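There's a structure below that I have some questions on.
Values in this text are rule-based calculations from the coordinates and carry no lab data. Computed from a predicted structure; not experimentally measured. A quick note on method: Cβ atoms are made from the backbone with ideal geometry, for glycine too, and the neighbour counts reach across all protein chains shown.
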Amino acid sequence: MIFPLIKVLKNGILVELDYIHFQEQEVVRALLNIVIIEGKTYPQKQPLSQAEFTAYWLSKDAFVVRTSVQDGTHKPKEILGAFYLKPNFPGRCCHICNAGFIVQPGLRGQGIGRFMGEAMLLIAANLGYEAVMFNLVFETNIPSITLWQSLGFEIIGRIPGAAKLGDEQVVDALMMYRTLDLLTDDG
């Protein structure tokens, strides 16, 4: 695959998806910590230190979606979303990957998550993974469940009472799975 991948979002913004650059790591950590503090989608309860973020998010492949400047100006590129991609299990099971996604709160619903999800499937297949498994998709995270099902993921299990959300609501978590062996360029 050749990076960056370019797309025009439904709001008309031109974006690029690329491997995370070193200087973007702190912005992504800050965004992840915002999502963690929201308490609705990630299992962590406290913001991650730089070391914790590095171990969790940067242990294998990490990507960002940033604004793309095509007009020759040198405006700084804004990080709109990010995801990681790594083996879900070690050794004999490392052909199944896991990924985690975050989008700037004010930009959700603009197609950034779908762009990252579609790209992740292609990237994972190109990296030799044979399937993708999400271990903890909280049942209250309807936008994610809807997105993943539209991209061919199946719910393969339910973990009762897996998460205590920020408001102390206890919810089940879903395990979602998709094989990559039938993946084509059009998804």
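Picking from Ala62, Thr41, Leu31, whose Cα lies most toward the positive end of the charge dipole for the range 5-127 (charges on Cβ: Lys, Arg +1; Asp, Glu -1)?
Highest projection toward the positive end goes to Thr41.
Moving to a separate point now. Any idea what Rg and Dmax come out to for the range 5-127 if you just take the C-alpha atoms, in Å?
14.7, 48
Please sort 95-106, 150-161 by packing, taking for each peptide the average over its residues of neighbouring beta carbons within 10 angstrom, highest first.
Per-residue mean Cβ counts within 10 Å order the peptides as 95-106, 150-161.
Mean residue ellipticity at 222 nm from the helices of the chain, using -39,500 (n - 2.57) per DSSP H segment of n ≥ 4 over the full residue count, to the nearest 500 deg cm²/dmol?
Mean residue ellipticity at 222 nm (helix-derived): -7500 deg cm²/dmol.
Then there's this: Treating only the Cβ of Lys, Arg, Asp and Glu as charged (+1, +1, -1, -1), what charge dipole size does the range 5-127 show about its Cα centre? Round to the nearest 20 debye.
300
If r is the Cβ-Cβ distance from Phe89 to Glu168 and R0 is 25 Å, what FRET efficiency results, to the nearest 0.05?
0.20
May I pose another question? Pairs to check: Lys10/Lys77; Lys7/Lys86; Lys45/Lys75; Lys7/Lys164. Give those whose C-alpha atoms are more than 26 Å from each other in this structure.
Lys45/Lys75; Lys7/Lys164
Which one, Ala125, Leu180, Gly113, is farthest towards the positive end of the dipole of the chain when Lys and Arg carry +1 and Asp and Glu -1 on their Cβ?
My answer, from the dipole projection, is Gly113.
Dividing the alpha-carbon radius of gyration of the range 21-79 by 2.2 N^0.38 Å (N being the number of residues), what value is obtained?
Working it through for the range 21-79, the quotient is 1.30.
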